Amino acid sequence: MAVQSAIRNSQSAFVGFFALILFTLRRQWRTRSLGLVSFALLILMTAAVGIVTHVQQAWRLETRKAWMADPLTPRGAVRMTFQAYATDRLPLYQMIPGSGVTFAIKSIPIGAYQYLLLTEPAQAFRDEFAFVNFSRWVIYSLYLTFLLPLFTLAFASGALGAEREGRTLIWLVTRPLPRWAVYVAKFLGVLPWCVAVAMIGFVCLCLAGGVQGRQALAVYAASVAIGSVALAALFH
């Protein structure tokens with residue numbers, strides 16, 4: 001009798017463990033206010049990345065805009081793209097009178113600048129610069145440090161937080177399951193939501209980034225998935 005009772009208890013605990021996982025997975029469908037804020041921020045950031053990518057083309061070196069030192073203007077500086085600077089202004093600087101040594105020293109950086117911005121062999125460098133620039137501002141500064149933690153916080157904190165807010169946490173821990181099993185079941189139930197939302201947000205930002213975004217999607221997808229699991233465990 002004791003053996004049969006132990007078997008029944010173990011079977012009921014096993015069934016209860018998976019039932020708790022399914023219950024948590026289904027319960028997270030009811031997104032809380034923090035989840036809605038996260039999705040609203042994702043839409044806003046995706047639109048901003050799309051505008052910068054397809055309208056301003058600001059990720060590439062030749063289309064970046066900056067204040068350039070310009071002795072040919074009264075104010076001494078002009079705001080223009082790097083491409084226009086190399087095409088229109090640098091040849092004029094080479095015509096400024098000066099000694100042979102001054103002209104040679106001045107021509108070295110100007111020639112290198114023209115080579116990077118105007119020549120076909122430097123196209124690979126310009127493409128890599130666009131990818132690194134996109135990664136720096138969108139992947140690292142925007143997504144990994146802000147949106148990804150916010151997404152995982154919105155869902156992972158609700159696994160046990162919702163039980164506490166609903167005053168059902170005491171009822172949950174008094175079930176015939178050890179506390180570590182309750183914790184693991186709740187985590188496994190909320191984990192698919194965290195990973196799915198994190199990857200959806202990442203894919204949206206990358207697709208809005210054009211060529212650089214698609215390259216970043218292939219490079220960083222696995223890291224983002226692993227990071228979402230780690231942050232989900234932290235916030236859970």
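The values are calculated or read from the model by the stated rules, or taken from the named source; none is laboratory data. The model shown is predicted, which means the values in this text are computed figures rather than measured ones. Positions of Cβ are generated from backbone atoms using ideal geometry, with glycine treated the same way; all protein chains shown enter the neighbour counts. What goes into the accessible areas is simple: the full protein's heavy atoms, side chains included, and nothing from ligands, DNA or RNA. Shrake-Rupley method; radii C 1.70, N 1.55, O 1.52, S 1.80 Å.
Taking K and R as +1 and D and E as -1, what net charge do the other residues with C-beta under 14 Å from the C-beta of residue 135 add up to? Each step should come with its number before you reach the end.
On the way: positive: 60, 136, 214; negative: 127, 128.
Result for the neighbourhood of residue 135: +1.
Can you check how the C-alpha radius of gyration of segment 192-236 compares to 2.2 N^0.38 Å, as a plain ratio?
Values: Rg = 11.0 Å, N = 45, 2.2 N^0.38 = 9.3 Å.
This ratio for segment 192-236 stands at 1.18.
Could you rank 143, 220 by how accessible they are, 1.4 Å probe, largest area first? Could you put the intermediate results ahead of the total?
Numbers: 143 0, 220 35 Å².
Highest to lowest solvent-accessible surface, that is 220, 143.
How do 37-46, 149-158 rank on mean C-beta neighbours within 10 Å, highest first? Walk me through the numbers before you get to the answer.
Details: 37-46: 15.1, 149-158: 22.7.
Result, highest mean Cβ count within 10 Å first: 149-158, 37-46.
Using a 1.4 angstrom probe on heavy atoms only, work out the carbon and sulfur share of the accessible area of segment 185-231 in %. Spell out each step's value before the answer.
Details: 1480 of 1830 Å².
Its accessible area is 81 percent carbon and sulfur atoms.
Using only protein heavy atoms and a 1.4 Å probe, report how much of residue 128 is accessible, in Å² to the nearest 10.
So the heavy atoms of residue 128 present about 120 Å² to solvent.
Could you rank 193, 180 by how accessible they are, 1.4 Å probe, largest area first? Present the calculation step by step, with values, prior to reporting the outcome.
Numbers: 193 60, 180 170 Å².
Largest to smallest exposure gives the sequence 180, 193.
Quote the relative contact order of segment 123-236 in percent (integer), defining contacts as alpha-carbon pairs under 8 Å separated by 6+ residues. Please report the intermediate quantities before stating the final value.
Values: 84 pairs, mean separation 46.3, N = 114.
41 percent.
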